[in-house]
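Below: the structure, in structure tokens.
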Amino acid sequence: SQKIEQNSEALNIQEGKTATLTCNYTNYSPAYLQWYRQDPGRGPVFLLLIRENEKEKRKERLKVTFDTTLKQSLFHITASQPADSATYLCALGGDSNYQLIWGAGTKLIIKP
Amino acid sequence: NAGVTQTPKFRILKIGQSMTLQCAQDMNHNYMYWYRQDPGMGLKLIYYSVGAGITDKGEVPNGYNVSRSTTEDFPLRLELAAPSQTSVYFCATRGYGASSYNEQFFGPGTRLTVL
């Protein structure tokens, strides 16, 4: 069955450093991958989308890479700030359906 | 614009009771989804709808029902609540545009406890 893995342990990063989160998947060939941010007690909020034919996408301090050979996406936050502390979810989508398959998320903690 | 709204925010049910979780959107989106999120788990799709009058089961539909009589509203009905339905429920929408890769927009969630 399709499976998505994100680091289950919280990631602690010092303010100003680059945070890197990992999303691995198996038994699936997604057409695209999305990253969302979720704050405690709130619904997820969309951050970035990357298509299967794209290697890298950037938005301000955020960068996403997508390696369909390794079946892996990396999500980077450069110059991290305490306000970046949240849980980050990755989700995979196919070309011909309306659904996303979700990872469990990685909790990121940026220490001042 | 309110976006996606959900009511109630919190609810405690006794085993065997029923309730309806409300979801409304003012984004004129065709696609709507109901998810549940359990601690340490990814979002699980319960039901989804591609437009008014059309609904379909997701990954975990047992114990739930939905209806979609209008574009704006997508209520989720729990019949005979069970402790296994204790979870946080999220409603989400997605627009229909040139790309089928459009992002989903989420409501604030309903935290349900069944005792």
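Does B:Arg111 qualify as being modelled with pLDDT under 95 and facing another protein chain (nearest Cβ under 9 Å)?
In short, no.
Mind counting the residues in the stretch A:43-53 that are at pLDDT below 95 and either charged (D, E, K, R) or more than 12 Å from the chain's Cα centre (by Cα) (or both)?
Qualifying residue count, the stretch A:43-53: 3.
Step by step: first the residues of the stretch B:51-70, then only those that are open to solvent by less than 50 Å² (accessible area, probe 1.4 Å) and part of a strand (DSSP E or B), then the one that is farthest from B:Thr20 (Cα to Cα). Which residue is that?
Looking at the filtered set, the residue picked out is B:Gly51.
Please go through the stretch B:38-47 and give me each residue that is within 9 Å of another protein chain (Cβ to nearest Cβ) and either surrounded by fewer than 23 Cβ atoms within 10 Å (Cβ to Cβ) or polar (S, T, N, Q) (or both), ordered by number.
Within the stretch B:38-47, B:Gly40, B:Met41, B:Gly42, B:Lys44, B:Leu45 qualify.
Please work out if B:Gln25 is within 13 Å of chain A (Cβ to nearest Cβ), farther than 19 Å from A:Leu89 by Cα and surrounded by 17 or more Cβ atoms within 10 Å (Cβ to Cβ).
When the stated conditions are applied, B:Gln25 passes them.
Name the strands (runs of 3 or more DSSP E) wholly inside the stretch A:45-112 in which the number of residues that are closer than 12 Å to A:Ala31 by Cβ is 1 or more.
A:45-51, A:62-67, A:86-93, A:100-102
Would you mind telling me which numbered condition in (1) away from chain B (no Cβ under 12 Å); (2) open to solvent by 40 Å² or more (accessible area, probe 1.4 Å); (3) closer than 27 Å to B:Asp38 by Cβ A:Pro40 fails?
(1)
The values are calculated or read from the model by the stated rules, or taken from the named source; none is laboratory data. Being a predicted model, the structure only gives us computed values, none of them experimental. Counting neighbours? That spans all protein chains shown, and the Cβs are built from the backbone with ideal geometry, glycine included. With ligands, DNA and RNA removed, areas are computed over all heavy atoms of the protein, side chains included. Shrake-Rupley method; radii C 1.70, N 1.55, O 1.52, S 1.80 Å.
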